[in-house]
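Everything on this sheet refers to the single structure shown next.
The values are calculated or read from the model by the stated rules, or taken from the named source; none is laboratory data. Computed from a predicted model, the values in this text were never measured in an experiment. Don't worry about glycine lacking a Cβ; one is built from the backbone with ideal geometry, like all the others, and counts go over all protein chains shown. Surface accessibility is based on the protein's heavy atoms, side chains included, excluding ligands, DNA and RNA. Shrake-Rupley method; radii C 1.70, N 1.55, O 1.52, S 1.80 Å.
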Amino acid sequence: MAKILKLLPLFFLSLAFAQDSKIYGKIEAGAENQKQVHNLLSDDTDYDILHKYIGTARGRLGYQWQSGWRLGIDLALSGAGGTNNLRGSTLVKGLENTPFSTSPKGIATIGANVALHVGYPIFVKNSDELYLYFSLGNEGAISTFSTVITNLDSTFLQLDLEGRAAVAPKLSIGYGVGIYYVPTPKVFLSSYDDEHYMRFTNVNSDNEVSADLKGGIWGLHGDIKLIYAVSKYFDVFAKYDLMARFVPKSETVQTGVYDVLNNRSLGDVSLYTPKYFSFRSGIYLGIMF
């Protein structure tokens, strides 16, 4: 995320030299339901299923030149609560024989991302348009459950087609489809519990271990919008959103586990995050200008 923020001065500097251009943007908020299935993509038929309920707010701000080219920034913040099938920790494997790692009844996740995008105008005429967007960004998601926190940090590439077509004087249909790719994802695992009973040993000052994922993260997404022109300055819209993600298994890492409550070492434990497939859909309301 820090790399992206360093590029922001160049973005705002470009606006100072723009002529015959305009600011564009979008603000939206909504809720989604996600079903996350572990081990579905392997020969293991003993599935773990996690259900999440996600609230998300997104924003976009940029500049459009007279030629139609766009340059902007996207921001998103989400929070999620969820439950699994209570057959153990679905997000981290290897904790089964340690104390204080009972099956979690609830899981909380906080996610944020920031990205710079470039938009190429394939077609623009009156209210009808079709854009190709290329985005480079950073995404992080922290999940808390049982005695371990997982922090998935990733730099992603994204390609999107977004368009709209007028169907009435003030009514348009919007649509979008895109692909998402993280070439070198990494997950950080840190021990955590309210009473500080269990801790990892032989780790850094943040009490965490890191593991590379065995491959990249792939994603597909799409949406359809009903857009109403309130005035010549802004529109309102309702959107139905779909997203699928394919996340590979992480490498296995070893760390020592220490029982703080009883002042004793529990030996080493091998930890990894399993591969999984997730699908989520939801409804958003927003404004665009």
* To do: Looking only at segment 76-97, decide whether some residue is at pLDDT below 55, small (Gly, Ala, Ser) and either surrounded by fewer than 15 Cβ atoms within 10 Å (Cβ to Cβ) or over 16 Å from residue 117 (Cα atoms) (or both).
  => yes
* To do: Filter segment 252-262 down to the residues that are in a strand (DSSP E or B) and either free of Cβ contacts under 8 Å to residues at least 60 places away in the same chain or not aromatic (Phe, Trp, Tyr) (or both), then identify the one that is farthest from residue 92 (Cα to Cα).
  => 259
* **Residues being open to solvent by 20 Å² or more (accessible area, probe 1.4 Å), closer than 14 Å to residue 280 by Cα and of a type outside the set (A, V, I, L, M, F, W, C) - total across segment 223-244** => 2
* Flag if residue 266 is out of contact with any helix residue (DSSP H, G or I) (no Cβ under 8 Å at 6 or more places or on another chain) and at pLDDT 90 or above -> no
* Kindly indicate whether residue 175 is surrounded by fewer than 18 Cβ atoms within 10 Å (Cβ to Cβ), more than 16 Å from the chain's Cα centre (by Cα), assigned to a strand (DSSP E or B) and modelled with pLDDT of 90 or more. => yes
* Asked: Within segment 224-237, restricting attention to residues that are in a strand (DSSP E or B) and free of Cβ contacts under 8 Å to residues at least 60 places away in the same chain, which residue is farthest from residue 179 (Cα to Cα)?
  -> 228
* Asked: Which one of these is surrounded by 15 or more Cβ atoms within 10 Å (Cβ to Cβ), in contact (Cβ under 8 Å) with a residue 24 or more places away in the chain and part of a strand (DSSP E or B): 265, 278?
  -> 278
* Just to be sure, is residue 215 modelled with pLDDT of 85 or more, within 18 Å of residue 165 (Cα to Cα) and open to solvent by less than 50 Å² (accessible area, probe 1.4 Å)? -> no
* Which residues, counting only those in segment 114-159, are of a type in the set (Gly, Ala, Ser) and either surrounded by fewer than 17 Cβ atoms within 10 Å (Cβ to Cβ) or assigned to a strand (DSSP E or B) (or both)? -> 115, 119, 127, 135, 137, 140, 141, 143, 154
